[in-house]
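First up is the structure itself, then whatever we jot down about it.
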Amino acid sequence: MAGDRSRCMACRTESVEEFLDIGTIPVANNFVPANKLGDPEPAYPLRVGYCHNCSHCQLLDMVPPTELFDDYTYLSGVSVTISEYLRGIASGLVDRYSLGPDDLAIDVGSNDGTLLTGYLSHNIKVLGVEPAKNLLEISKAAGVETVCDYFGLKTAREVLEKYGQASVITSVNNFAHVPDPHDFVQGVDALLKEGGVFVVEIHYLMKMIQDGAFDTVYHEHMSYWGLIPMIALFEQYNMHAIRAKVLDIHHGQLRVYVSRKDELQPDETVAAVVDHEREVGIPGWESCRELAENARSARTVLLNLIDKLIGEGATIGGYGATAKGNTLLSFLGIGPERLKFIADRNTIKQGTYTPGHHIPVVSPDRIMVDKPDYLLNLAWNLTDEIAEQQSEYLKQGGHLIVPIPEVTVI
């Protein structure tokens, strides 16, 4: 593991200052099998810093990617909302750029191949690049060929030699995972055909701060991007943003379309997002400090509520064995003495235990068997979908506790 990282990953200056400390916790997606509950469990500092030079936010302590992604438990296809959304990205790009059978679409961090399946009905050639070995058979079953590797210039050159240039490259909620964004962008430049487009989508720092979504901080998310520092990064490689869009999915995403400067021209959306970031001062040092303060306040409010309910005799389970949920649980110090189980539809996680506090992960069927009085919604960005799935539980008097952006009970 790398030590204190005060050098900015985006502008490479020694200008990064800490503003949020979650604590020393296990990796959020490293769920523990039952037969390994007694084994040592590595834990790492989780601190976030702000670059006073370019306004980029990043982790100050990096866990090697191989410990994070070689074996991965998150599946894109588990959520109906996310599955439909990802396939919609592919279909939208087919229409926007008139892609056809001669075009190659590459998805970096392709996971189980869900996004790329959105191209298949349009007869577009697809290729995934995904380091998680355990997901290869799932994507293969979906009809998606996948290169099992981490993406950068070296991998891009290998892909180029075997598959040729790509008309479109996507990276959805993967660019934040990259320990060296310069190497990543160089790889994109090497692999993208003339006139091609790179589409990057990330959890948007501005919405993260506005919603107080501190649980989005975990070791996988090495960077927390706004558009302004992202533009500065791409400009170092003669690339620029040609389109930008703020989206409602999750708690707020930023999608940026990127091309080489001499090939496609920006539309008015880029300047609009940049102007808004400058207007509200995000990302900025004071707004980052506000996020940290909101995190501490939310911890107090949520813990008081949970302990009050338990003191009144209520039982509480959880819904969503998510990475963000594990950040929240670790920050609050919540274990099985407060949360009896966490239900999740992902069969890979069922039968395991959360990292650190070892709360059992079970099938959602358990909810109607145990009928806890409350479910702590650890996937609060999908509250509508979860409320629909658990409509019978809610009809029978159950409640959802939604922790962010404000602690509320449904």
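The values are calculated or read from the model by the stated rules, or taken from the named source; none is laboratory data. Predicted, not measured: the structure shown is a model, and the values here were computed from it. Counting neighbours? That spans all protein chains shown, and the Cβs are built from the backbone with ideal geometry, glycine included. Please note that ligands, DNA and RNA were not included when accessible areas were found on the heavy atoms of the full protein model with its side chains. Shrake-Rupley method; radii C 1.70, N 1.55, O 1.52, S 1.80 Å.
Somewhere in region 241-259, is a residue touching a strand residue (DSSP E or B) at 6+ places or on another chain (Cβ under 9 Å) and more than 22 Å from residue 173 (Cβ to Cβ)? Checking region 241-259: not a single residue is touching a strand residue (DSSP E or B) at 6+ places or on another chain (Cβ under 9 Å) and more than 22 Å from residue 173 (Cβ to Cβ). Checked against (1) more than 20 Å from residue 328 (Cβ to Cβ); (2) modelled with pLDDT under 95, residue 30 meets all criteria but (1). The set of residues in region 350-379 that are among the hydroxyl-bearing types (Ser, Thr, Tyr) and crowded, with 19+ Cβ neighbours inside 10 Å comprises 352, 353, 354, 374.
One residue stands out among those in region 234-266 that are farther than 30 Å from residue 382 by Cβ and among the aliphatic types (A, V, I, L, M): the one that is most open to solvent (accessible area, probe 1.4 Å), which is 264.
Just one of (1) farther than 30 Å from residue 302 by Cβ; (2) in a helix (DSSP H, G or I) fails for residue 264. It is (2).
For region 121-149, the set of residues classified as of a type in the set (S, T, N, Q) and under 22 Å from the mean Cα position of the chain (by Cα) consists of 134, 139, 146, listed by residue number.
Residue count for region 159-183, restricted to those that are open to solvent by 10 Å² or more (accessible area, probe 1.4 Å) and among the aromatic types (Phe, Trp, Tyr): 1. Within region 1-48, the residues that satisfy the criterion of being closer than 23 Å to residue 299 by Cα and small (Gly, Ala, Ser) are 23, 28, 43.
Entry remark, region 385-404: residues being closer than 20 Å to residue 82 by Cβ and open to solvent by 40 Å² or more (accessible area, probe 1.4 Å) number 3 in total. Pairs meeting the criteria (first residue in region 373-401 and touching a residue at least 12 places away in the same chain (Cβ under 8 Å) and over 21 Å from residue 346 (Cα atoms), second residue open to solvent by 40 Å² or more (accessible area, probe 1.4 Å) and not in a strand (DSSP E or B), beta carbons under 6 Å, at least 6 apart or on different chains) are 373/315. Every condition in (1) more than 19 Å from the chain's Cα centre (by Cα); (2) modelled with pLDDT under 95 holds for residue 213 except the one numbered (1).
Among residues of region 334-357 that are at positive phi, those with a Cβ under 6 angstrom from a residue that is open to solvent by less than 50 Å² (accessible area, probe 1.4 Å), sequence gap 6+ or separate chain, pair up as 356/25; 356/26; 356/330.
Would you confirm whether any residue within region 307-320 is over 25 Å from the mean Cα position of the chain (by Cα) and within 23 Å of residue 384 (Cα to Cα)? Scanning region 307-320 turns up at least one residue that is over 25 Å from the mean Cα position of the chain (by Cα) and within 23 Å of residue 384 (Cα to Cα). Of all residues being open to solvent by less than 40 Å² (accessible area, probe 1.4 Å) and in contact with an Asp or Glu (Cβ under 7 Å, 6 or more places away or on another chain) in region 143-158, which is nearest to residue 179 (Cα to Cα)? Just the residue, please. So, considering only residues that are open to solvent by less than 40 Å² (accessible area, probe 1.4 Å) and in contact with an Asp or Glu (Cβ under 7 Å, 6 or more places away or on another chain), the one nearest to residue 179 (Cα to Cα) is 152.
Close Cβ contacts (under 6 Å, 6 or more residues apart or on different chains) running from residues in region 77-96 that are closer than 20 Å to residue 141 by Cα to residues that are open to solvent by 50 Å² or more (accessible area, probe 1.4 Å) comprise 78/345. As a summary of the residue check, residue 382 satisfies the conditions (1) open to solvent by less than 60 Å² (accessible area, probe 1.4 Å); (2) modelled with pLDDT of 95 or more except for the one numbered (2). Beta carbons closer than 7 Å, at least 6 apart along the sequence or on distinct chains, pair a first residue in region 151-175 that is over 16 Å from residue 131 (Cα atoms) with a second that is in a helix (DSSP H, G or I) and open to solvent by less than 20 Å² (accessible area, probe 1.4 Å) for 160/191; 165/191; 166/191; 168/93; 169/188; 169/191. Within region 330-346, restricting attention to residues that are among the basic types (Lys, Arg) and over 22 Å from the mean Cα position of the chain (by Cα), the residue that is least open to solvent (accessible area, probe 1.4 Å) is 338.
If you go through region 347-363 and keep only what is over 21 Å from the mean Cα position of the chain (by Cα) and modelled with pLDDT under 95, you end up with just 357. Being in a helix (DSSP H, G or I), closer than 24 Å to residue 211 by Cβ and in contact with a Pro (Cβ under 9 Å, 6 or more places away or on another chain) is a condition met by at least one residue of region 272-285. Looking at region 1-66, the strands (runs of 3 or more DSSP E) lying wholly inside it that each contain 1 or more residues that are without any contact (Cβ under 8 Å) to a residue 40 or more places away in the chain and under 23 Å from the mean Cα position of the chain (by Cα) sit at 16-25, 44-51.
Do we have any residue at all in region 78-98 that's under 19 Å from the mean Cα position of the chain (by Cα), crowded, with 16+ Cβ neighbours inside 10 Å and not in a helix (DSSP H, G or I)? Scanning region 78-98, I find at least one residue that is under 19 Å from the mean Cα position of the chain (by Cα), crowded, with 16+ Cβ neighbours inside 10 Å and not in a helix (DSSP H, G or I), so the answer is yes. Within region 184-211, residues that are under 30 Å from residue 406 (Cα atoms) and open to solvent by 30 Å² or more (accessible area, probe 1.4 Å) sit with their Cβ atoms under 9 Å from residues that are in a strand (DSSP E or B) and of a type outside the set (S, T, N, Q), at 6+ positions apart or across chains, in these pairs: 203/224; 203/254; 207/246; 207/254.
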